[in-house]
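What follows is calculated from the coordinates using simple rules that are stated; it is not laboratory data. A quick note: this is a predicted structure, and the numbers were derived from the prediction, not measured. All Cβ positions, even for glycine, are placed from backbone atoms using ideal geometry, and neighbour counts span all protein chains on display.
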């Protein structure tokens, strides 16, 4: 047993499947995004964990598995909300108790970097924070306001630039279909504009979905109309067409995606566009994920 206290449900990015999940907070400090169901459970109210608990968990984990653990993911929704001083203490404890660790990562809300200076972000990078996942969701200010993201194009861009300047790898997520039919075109174009501005190392798209129902989402966005499968492909085609990336690993392979896309942008841009255009023109001939396999 890992000697760490977890508050269910626990979330992590797919690429952190082999990482030690180390909660430094519970829940999400913002938790107002109407499309997100991750931290709405009653037991997931936001709180920062005590340093003593975190360090004790690391010490006990290190005693049992210290030389086996190569990656650590700082949970929950936005570990970087913690003051830089506390984060540096945690990163130092990871180095002390888990000496084999080669990668430390976390989710990050752009809002949490507004009060952190570039020198603070540089310190975190030097202390071992090497990869951050940023759910940008959209680069369009109207869409961001409609879903109560609490961010703008500029705030997201500023956060991603700070991370990039520090040499921290950035993995950016965009939600296909988030703007619905009304805002589909500007959602695609401005999301591409955001990616072009910051040139992230990783870029991924997921399809917006509501396993627990749309009531919360529609309360602030009553005019939202979901995109059908062909319309999602059209939006993706518009997004990819507008991207001008030099060397970004692109993935659209989450369980929510009908069409699995993988490549590096820009070298694979034309191939990826050809796949999307085939799905638009002849969906029956495209290698689409069956509905039962989407896991929603």
Does a label point 7 Å from the Cα of residue 246, set along Cα-to-beta-carbon, have any residues of segment 257-274 with amide nitrogen under 14 Å, and which are they? 265-267
If you line up the long axis of helix 269-281 against the longest principal axis of the chain, both from Cα atoms, how many degrees apart are they, to the nearest 10? 50
For the chain, the longest principal axis of the Cα atoms and the Cα long axis of helix 229-242 enclose an angle in degrees, to the nearest 10, of 70
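Calculate, in nm to one decimal, what residue 274 and residue 197 gain on full extension: separation in residues at 0.36 nm each, minus their alpha carbon distance.
Details: separation 77, 0.36 × 77 = 27.72 nm, distance 2.44 nm.
Gain on extension, residue 274 to residue 197, equals 25.3 nm.
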Using a Förster distance of 35 angstrom, determine the FRET efficiency expected from the C-beta separation of residue 1 and residue 223, and round it to 0.05. 0.10
Over what distance in Å are the Cα centres of segment 131-149 and segment 223-238 separated? 17
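Pull out a ≥ b ≥ c, the square roots of the eigenvalues of the alpha-carbon gyration tensor of segment 133-287, then state rounded if a/c is under 1.5, prolate if not and a/b is larger than b/c, and oblate in the remaining case.
Numbers: a/c = 1.82, a/b = 1.04, b/c = 1.76.
It comes out oblate by the Cα gyration axes.
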Using only Cα atoms, find the angle between the long axis of helix 51-65 and the longest principal axis of the chain, and express it within 0 to 90 degrees, rounded to the nearest 10. 90
